[in-house]
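**Q** What follows is a structure written as structure tokens; I'll ask about it next.
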Amino acid sequence: MGYELIETVTLDAGAAQSILFQNIPQDGLDLVVVCSFRGTGSAVTLCNVVFNGDNTNANYAGVAAIGNNGSANPDTNYPRPMFYIPDTRHLNFSFGTATVYISSYALTNAQKPVLTNGTVDNNSSNDYQTIHGSTWKNNSAITSILLPSSRNNLAQWSTASLYKITSS
Amino acid sequence: MSEIPVRVVVDLSKPKGERETIIPLTKAEIEELKAQGIIAEAERVEREAIEAQKAADAQAGRDALVALGLTEAQITALVGA
């Protein structure tokens with residue numbers, strides 16, 4: 001099993017609302033997206049991942065364990081893979097981290113299980129940590145991944161890296 | 001947002017160094033973005049209200065047990081920290 005970087009994108013030119021990887025090579029086993037994000041909004045912000053442009057929640061099944069200041073709640077309001085992004089209430093220059101693991105993304109005869117982990121720094125009232133398990137209920141191969149901010153923009157210097165897991 | 005939000009598109013079929021383009025979002029995408037922000041904020045408020053009520057209920061329960069004569073150690077042994 002190998003872990004091969006496909007591409008890294010850093011918003012070095014300024015903020016953007018989203019990052020879209022498209023025409024993803026289909027020669028891997030699994031995909032891993034590693035994100036280092038910060039938002040420009042001043043209230044809770046999250047990233048709801050979209051595969052192949054399909055942002056219809058009913059086409060996904062997912063449950064999140066969302067922690068906030070030590071308490072945790074199961075939450076089924078987020079069918080799509082999701083994680084929180086620190087906003088301007090969090091520490092200056094603090095970026096959250098998240099990993100999205102997508103199994104068997106290139107198969108055309110199976111739905112796509114996804115595991116997402118994410119966390120942001122603790123500003124005493126909002127330090128959301130998430131573990132999110134989901135399935136994209138579609139047999140199509142995943143050819144694009146959209147990483148949007150739900151509020152305002154992803155801040156400058158936010159980074160997303162796309163890796164593929166290979167058999168060798 | 002006063003400026004039109006943009007998306008960084010990374011086309012992995014192109015050679016490295018030529019993959020990134022920046023495109024403005026469509027009106028429909030901007031509307032969806034606004035709706036998502038409103039939903040997320042409403043969910044946060046609801047979640048925090050539930051947590052606050054749980055904490056208040058827990059404290060009221062402990063206070064009631066103290067009034068019945070239990071010590072803090074006994075209450076903790078009974079219901080946890």
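**Q** So, in region A:9-26, of the ones that are in a strand (DSSP E or B) and at the interface with chain B (Cβ under 7 Å from one of its Cβ atoms), which residue ends up farthest from B:I30 (Cα to Cα)?
**A** Looking at residues that are in a strand (DSSP E or B) and at the interface with chain B (Cβ under 7 Å from one of its Cβ atoms), I get A:V9.
**Q** Before we move on, is A:D121 surrounded by fewer than 18 Cβ atoms within 10 Å (Cβ to Cβ) and touching a helix residue (DSSP H, G or I) at 6+ places or on another chain (Cβ under 9 Å)?
**A** No; evaluated as a whole, the condition is false for this residue.
**Q** So, one more: Has region A:27-40 got at least one residue that is modelled with pLDDT of 90 or more, part of a loop (DSSP other than H, G, I, E, B), under 13 Å from the mean Cα position of the chain (by Cα) and within 19 Å of A:F93 (Cβ to Cβ)?
**A** yes
**Q** Something else: Any idea how many residues of region A:88-117 are in contact (Cβ under 8 Å) with a residue 40 or more places away in the chain, closer than 21 Å to A:D54 by Cβ and small (G, A, S)?
**A** 4
**Q** Which residues, taken from region A:1-59, are among the aromatic types (F, W, Y) and more than 27 Å from A:N77 (Cβ to Cβ)?
**A** A:Y3
**Q** Checking A:A58 against (1) more than 16 Å from B:E32 (Cβ to Cβ); (2) over 17 Å from the mean Cα position of the chain (by Cα); (3) not in a loop (DSSP other than H, G, I, E, B), which single condition isn't satisfied?
**A** Tallying (1) more than 16 Å from B:E32 (Cβ to Cβ); (2) over 17 Å from the mean Cα position of the chain (by Cα); (3) not in a loop (DSSP other than H, G, I, E, B), A:A58 fails exactly one: (1).
**Q** Let me ask something else about it. Mind telling me which of the residues A:D54, A:D75, A:D87 ends up being among the charged types (D, E, K, R), more than 20 Å from B:V6 (Cα to Cα) and within 14 Å of another protein chain (Cβ to nearest Cβ)?
**A** Answer to the selection: A:D75.
**Q** What number of residues within region A:27-50 satisfy the criterion of being touching a helix residue (DSSP H, G or I) at 6+ places or on another chain (Cβ under 9 Å) and either surrounded by fewer than 19 Cβ atoms within 10 Å (Cβ to Cβ) or more than 11 Å from chain B (Cβ to nearest Cβ) (or both)?
**A** 1
**Q** Among A:P79, A:P113, which is the only one that is surrounded by fewer than 24 Cβ atoms within 10 Å (Cβ to Cβ) and under 26 Å from A:A16 (Cα atoms)?
**A** A:P79
**Q** Let me ask something else about it. State whether the residues of region B:44-57 include one that is surrounded by 11 or more Cβ atoms within 10 Å (Cβ to Cβ), within 30 Å of B:G80 (Cα to Cα) and modelled with pLDDT of 80 or more.
**A** Scanning region B:44-57, I find at least one residue that is surrounded by 11 or more Cβ atoms within 10 Å (Cβ to Cβ), within 30 Å of B:G80 (Cα to Cα) and modelled with pLDDT of 80 or more, so the answer is yes.
**Q** In region A:116-153, what residues are touching a Lys or Arg at 6+ places or on another chain (Cβ under 7 Å) and within 13 Å of chain B (Cβ to nearest Cβ)?
**A** Listed by number, the residues that qualify are A:N126, A:I142.
The values are calculated or read from the model by the stated rules, or taken from the named source; none is laboratory data. Not measured: the values here are computed from a predicted model. Positions of Cβ are backbone-derived with ideal geometry, glycine not excepted, and every protein chain shown enters the neighbour counts.
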